[in-house]
Amino acid sequence: MKTQPVKDTSIRFDAPLTSLPGVGSKRAALFSRLGVGTVGDLISHFPRAYQNRGNVRLLSDCDPDVACSCLLTVSSVPRTAKLRGGMTLTKFTAVDETGRRATICFFNNRFIEKTFSVGQLWRFWGRVRRERTGLMISSPLHERADGGAPLPPLTPVYSLTAGLNGQLVSKTISDALSLIDRGSIPEPVPEELRKKESVPSAREAYGMIHAPRSMDEVALARRYFALRDALVFSVSLGVHRRMIKKGTPPAMKPVPADPLTDLLGFGLTGAQKRSIREISSDMTSGRVPMTRLLSGDVGSGKTAVAAAAAYIALKNGWQVGLMAPTDILARQHYAKLSGLFRRLGFETALLTGSMRESEKTAVRAGIANGKIKMAIGTHALLTESTLFKKPGLMIADEQHRFGVSQRAVFGNERQGITPHMLVMSATPIPRTMGLVMFGDLSVSTLDELPPGRTPVRTFCVDSSYTGRLISFIRKQTALGGRVYIVCPLIEKEEEPEDLVGGYDAGDENGSGRLCPAEETFSYLSSVLESDGIKVGLVHGRMKNSEKDAAMSAFASGETQVLVSTTVIEVGVDVPEATLMIVLNAECFGLAQLHQLRGRVGRGRAESFCVLVSDSDGQAAKERLGVMTKTNDGFAIAEADLAQRGPGDYLPRTDGSIRQHGEFPGVTSADMSMLKTALDYSAALLERDPRLDTAPDLRAETEKLYSENRRALQ
Ligand code: ADP
Ligand code: MG
């Protein structure tokens, strides 16, 4: 950690970004696109990886395709030449310790000429290209290396947004760190716990994560943040449980669900029947509101169970909310269920963000006056408070976002009655994890798949198989099948660098270039068009209407190949899909791969999943190996937990769940750390239920789930 000035200034953790020098409203608006509004948010914007600038190479050892670090002495006076079109080119030469020479050049930056003089030692960061005229580094980042203090070995790399470059983000963060009133940095983790777990303080951890002296410091800082998140989460869970236990449940009497299940068109599996019995008994016990988790593999038939639960609540005269994480999924549920419930006499309506304002208003009115009995929509809309007139059951689909369930329950309390809650997990929750986290919650497990499924056959290949895969796509589509192609990113990112500590770093370094969805889409379109095969594209940056259009074109067979990012991960049901190809499969976590693979093998035809990866990384190889060996979601979840730890199950401060790789390292809080946090929070809440002795922890908990505010008062 760089030593920060001890001088305290008045810029506080929660001050708006504009209190920093050089940040006006324009810049603040750009930062807000990264979710950064305050100085605290800014220093909580952690590097996604680090440039390994301390790893200095000789010019002869540089890989021309990867940016790296060289220590060079300037050996000629910089000269600027005018090029055609008003451009300028500034050039000089520099040598490494072996005397090897490279030309350094900068375009359109005449002032740079004055920066360098002969004899100076600089550390350059860039790609060393082999040109006809010799080695060449163009527009490298540069730091004076003979200036006394040693240069930091690791330079943070931040995720950026249009209009904010890396240097600006780094500079603003380092300003913030040196100007912030250090006393205003919240410390949610009590000292005794930090001591016990040997983690630094919040203040130290912020310094270490942005300006580490070594990767060990990065690891320490990450341990701190992992512990902090685990603790805030544990306390929230504890507070939530206390509230639930105090709540009055909606009164319900047992009713058979057969009128509904008879309409489904299939017989229920034993596991489905058992789960419905468990839910029914919770909802009709009259003791406490239900909080039950329905854990089941992809395709295990959670929807049917949810529908039966809804039916029981409806029959008892209560309203039901079914919440899906995305617009597409809410629509799909609505399409499947609304007819069913209408036939049974229950008015059902859809409420999603992409609907017209006037439609939304009408639906809201119907829910509020009780005419609409069953509302299907996105979480954001169904958790608005005072929406329902008589809410009896809230169902959250494809979720392990615990924040959502809390909001849904407490946002919908009416006249002192707390609705029942059923959460369906997107991925099977590993048993060991379940024991720790849901020790005193009830879990129903669908451990039996509906009959007639053939397991998806999974292969792992490298990119030299591209030609054969194209033939495979042709063959599958000729047989009437449809093909998903999943890419790790939407468009081309920055150039590859010698990074450490990122999600593709460590032993997975050098996995090569990533295939962007847009590029893959144009490539496949041109290759397959002549065969009459139509290719579609869907990704997260498209408008909802465009996403819907691309999805329905694929579902109807208008397009036979769909290139996508992980937006298709949750729940979409296209039974004709028989082949999924995942590009750069090493970029995805196990749970995610399993979830993705669940998109194929939904019909009668034999289905395939091909994982394409050129990575030599040990962890990546193990992950992909697990996928080829088993289709059992619980086994995969267990392997995932063993590899990466439970951090991915912890919510971010906005209550959503992290994506694999999004916040490297911090996601790998180990099980013992989570256990420690749960035990500590249980003891803490026991002796100090309102957290008077831990005000910062209390504030963080309230921030995570605003509903906790009431409980902690
Ligand atoms: P998930 O658990 O992934 O949400 P779904 O509820 O979407 O799974 O069910 C997957 C598919 O299996 C659906 O097409 C559904 O109609 C079908 N299905 C569910 N239960 C059964 C069953 N008992 N027998 C046959 N098909 C079933
Ligand atoms: Mg589902």
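The values are calculated or read from the model by the stated rules, or taken from the named source; none is laboratory data. Because the structure is predicted, anything quoted here is derived from the model rather than measured. Cβ atoms come from the backbone with ideal geometry, glycine included; neighbour counts cover every protein chain shown. Areas reflect the complete protein model, heavy atoms only, side chains present, ligands, DNA and RNA absent. Shrake-Rupley method; radii C 1.70, N 1.55, O 1.52, S 1.80 Å.
Quick one: in the range 286-320, of everything that is modelled with pLDDT of 95 or more and part of a loop (DSSP other than H, G, I, E, B), which residue is farthest from ligand 1 (Cβ to nearest atom)?
Here is the first cut: in the range 286-320, the ones modelled with pLDDT of 95 or more are 304-320.
Next, only the ones that are part of a loop (DSSP other than H, G, I, E, B) stay: 316-318.
Working: 316: 23, 317: 26, 318: 22 Å.
Among residues in the range 286-320 that are modelled with pLDDT of 95 or more and part of a loop (DSSP other than H, G, I, E, B), the one farthest from ligand 1 (Cβ to nearest atom) is 317.
Can you report the number of residues in the range 199-213 which are touching a helix residue (DSSP H, G or I) at 6+ places or on another chain (Cβ under 8 Å) and either part of a loop (DSSP other than H, G, I, E, B) or open to solvent by 30 Å² or more (accessible area, probe 1.4 Å) (or both)?
Initially, the range 199-213 is screened for residues touching a helix residue (DSSP H, G or I) at 6+ places or on another chain (Cβ under 8 Å), giving 199-212.
Within this subset, residues satisfying the condition of being either part of a loop (DSSP other than H, G, I, E, B) or open to solvent by 30 Å² or more (accessible area, probe 1.4 Å) (or both) are 199-201, 203-204, 211-212.
Result for the range 199-213: 7.
In the range 491-512, is there at least one residue being modelled with pLDDT of 80 or more and within 19 Å of the chain's Cα centre (by Cα)?
Within the range 491-512, the subset modelled with pLDDT of 80 or more is none.
No, the range 491-512 contains no residue that is modelled with pLDDT of 80 or more and within 19 Å of the chain's Cα centre (by Cα).
Can you say whether residue 518 is more than 16 Å from ligand 2 (Cβ to nearest atom), of a type in the set (D, E, K, R) and closer than 18 Å to residue 613 by Cβ, as far as the supplied structure shows?
No.
For the range 339-375, give me each residue that is among the polar types (S, T, N, Q) and either within 15 Å of residue 395 (Cβ to Cβ) or loosely packed, with under 15 Cβ neighbours inside 10 Å (or both).
Applying the first criterion (among the polar types (S, T, N, Q)) to the range 339-375 yields 348, 352, 354, 358, 361, 369.
Residues satisfying the conditions are 348, 358, 361, 369.
Just name the residue that is most open to solvent (accessible area, probe 1.4 Å) out of those in the range 311-338 that are out of contact with any Ser or Thr (no Cβ under 8 Å at 6 or more places or on another chain) and farther than 12 Å from residue 374 by Cα.
Within the range 311-338, the subset out of contact with any Ser or Thr (no Cβ under 8 Å at 6 or more places or on another chain) is 311, 313-322, 328-329, 332, 335.
If we keep only those that are farther than 12 Å from residue 374 by Cα as well, we get 316, 328-329, 332, 335.
Numbers: 316: 37, 328: 32, 329: 5, 332: 41, 335: 80 Å².
So, considering only residues that are out of contact with any Ser or Thr (no Cβ under 8 Å at 6 or more places or on another chain) and farther than 12 Å from residue 374 by Cα, the one most open to solvent (accessible area, probe 1.4 Å) is 335.
Residue under question is residue 216, and the condition is that it be within 30 Å of residue 679 (Cβ to Cβ), without any contact (Cβ under 8 Å) to a residue 12 or more places away in the chain and assigned to a helix (DSSP H, G or I); does it hold? Explain how you work it out, then say what you get.
Values: within 30 Å of residue 679 (Cβ to Cβ): yes; without any contact (Cβ under 8 Å) to a residue 12 or more places away in the chain: yes; assigned to a helix (DSSP H, G or I): yes.
Yes; evaluated as a whole, the condition is true for this residue.
Hey, can you tell me all the residues within the range 283-292 that are within 32 Å of the chain's Cα centre (by Cα) and open to solvent by less than 20 Å² (accessible area, probe 1.4 Å)? Walk me through it before giving the result.
First, pick out the residues of the range 283-292 that are within 32 Å of the chain's Cα centre (by Cα): 289-292.
Passing the criteria: 289, 290.
Contact list please: Cβ distance under 6 Å, first residue in the range 22-51 and under 23 Å from residue 10 (Cα atoms), second residue among the aromatic types (Phe, Trp, Tyr) and assigned to a helix (DSSP H, G or I), pairs at least six apart or on different chains.
Once the first residue is under 23 Å from residue 10 (Cα atoms) and sits in the range 22-51, its partners that are among the aromatic types (Phe, Trp, Tyr) and assigned to a helix (DSSP H, G or I) give 43/206.
List the pairs whose first member sits in the range 56-85 and is free of Cβ contacts under 8 Å to residues at least 60 places away in the same chain and of a type in the set (Val, Ile, Thr), whose second member is in a loop (DSSP other than H, G, I, E, B) and open to solvent by less than 60 Å² (accessible area, probe 1.4 Å), and whose Cβ atoms are under 6 Å apart, counting only residues at least 6 apart or on separate chains?
Filtered contacts from the range 56-85: 74/116; 74/120.
Note down all Cβ pairs under 9 Å where the first residue falls in the range 318-344 and is touching a residue at least 40 places away in the same chain (Cβ under 8 Å) and within 18 Å of residue 421 (Cα to Cα), the second is basic (Lys, Arg) and open to solvent by 10 Å² or more (accessible area, probe 1.4 Å), and they're at least six residues apart or on different chains.
Filtered contacts from the range 318-344: 318/373; 318/390; 319/373; 319/389; 319/390; 320/373; 324/331; 325/401.
For the range 162-196, give me each residue that is surrounded by 15 or more Cβ atoms within 10 Å (Cβ to Cβ) and not in a helix (DSSP H, G or I).
164, 180, 181, 185, 186, 187, 188, 189, 190
For the range 113-129, enumerate the residues that are over 15 Å from residue 101 (Cβ atoms) and of a type in the set (Val, Ile, Thr).
115
Taking the options 295, 280, 300, name whichever one is surrounded by fewer than 24 Cβ atoms within 10 Å (Cβ to Cβ) and touching a Pro at 6+ places or on another chain (Cβ under 9 Å). Outline the logic, then answer.
Details: 295 fails: surrounded by fewer than 24 Cβ atoms within 10 Å (Cβ to Cβ); 300 fails: surrounded by fewer than 24 Cβ atoms within 10 Å (Cβ to Cβ).
Residue meeting the stated conditions: 280.
Of the residues 408, 426, which is within 16 Å of ligand 2 (Cβ to nearest atom), modelled with pLDDT under 70 and not β-branched (Val, Ile, Thr)?
When all the criteria are applied, what remains is 426.
Any residue in the range 167-182 that's closer than 15 Å to residue 15 by Cβ: show its pairings with residues that are basic (Lys, Arg) and assigned to a helix (DSSP H, G or I) at Cβ separation under 7 Å, as long as the two are six or more apart or on different chains.
Matching pairs, first to second residue: 182/203.
Do any residues in the range 636-650 that are at pLDDT 75 or above have Cβ atoms under 9 Å from those of residues that are of a type in the set (A, V, I, L, M) and in a loop (DSSP other than H, G, I, E, B), where the two are at least six apart or on different chains, and which pairs are they?
637/429
Just to be sure before I move on: is residue 150 over 17 Å from residue 59 (Cβ atoms) and open to solvent by 40 Å² or more (accessible area, probe 1.4 Å) in the structure I sent? I'd like the intermediate steps shown before the answer.
Working: over 17 Å from residue 59 (Cβ atoms): yes; open to solvent by 40 Å² or more (accessible area, probe 1.4 Å): yes.
Criteria met by residue 150.
Could you please give the count of residues in the range 321-330 that are in a helix (DSSP H, G or I) and within 13 Å of ligand 2 (Cβ to nearest atom)? Write out each step before concluding.
Kept after step one, since they are in a helix (DSSP H, G or I), are these residues of the range 321-330: 327-330.
Filter again for within 13 Å of ligand 2 (Cβ to nearest atom), leaving 328-330.
Residues in the range 321-330 being in a helix (DSSP H, G or I) and within 13 Å of ligand 2 (Cβ to nearest atom): 3 in total.
Just name the residue that is least open to solvent (accessible area, probe 1.4 Å) out of those in the range 74-89 that are among the polar types (S, T, N, Q) and modelled with pLDDT of 95 or more.
From the range 74-89, those among the polar types (S, T, N, Q) are 75-76, 80, 88; that's our starting set.
Now drop any that are not modelled with pLDDT of 95 or more, which leaves 75-76.
Values: 75: 50, 76: 34 Å².
It comes out as 76.
Checking residue 237 against (1) touching a strand residue (DSSP E or B) at 6+ places or on another chain (Cβ under 7 Å); (2) closer than 30 Å to residue 287 by Cβ, which single condition isn't satisfied?
(1)
Tally up the residues in the range 571-619 that are away from ligand 2 (no atom under 16 Å from the Cβ), buried (at least 23 other Cβ atoms within 10 Å of the Cβ), over 18 Å from the mean Cα position of the chain (by Cα) and among the small types (Gly, Ala, Ser), please.
Number satisfying all stated conditions: 2.
Test each condition in (1) away from ligand 1 (no atom under 16 Å from the Cβ); (2) within 25 Å of residue 634 (Cβ to Cβ) for residue 323 and report the one that comes out false.
Among (1) away from ligand 1 (no atom under 16 Å from the Cβ); (2) within 25 Å of residue 634 (Cβ to Cβ), residue 323 violates only (1).
Look at residue 275 and say whether it is within 15 Å of ligand 2 (Cβ to nearest atom), buried (at least 23 other Cβ atoms within 10 Å of the Cβ) and assigned to a loop (DSSP other than H, G, I, E, B).
Values: within 15 Å of ligand 2 (Cβ to nearest atom): yes; buried (at least 23 other Cβ atoms within 10 Å of the Cβ): yes; assigned to a loop (DSSP other than H, G, I, E, B): no.
Answer is no for this residue.
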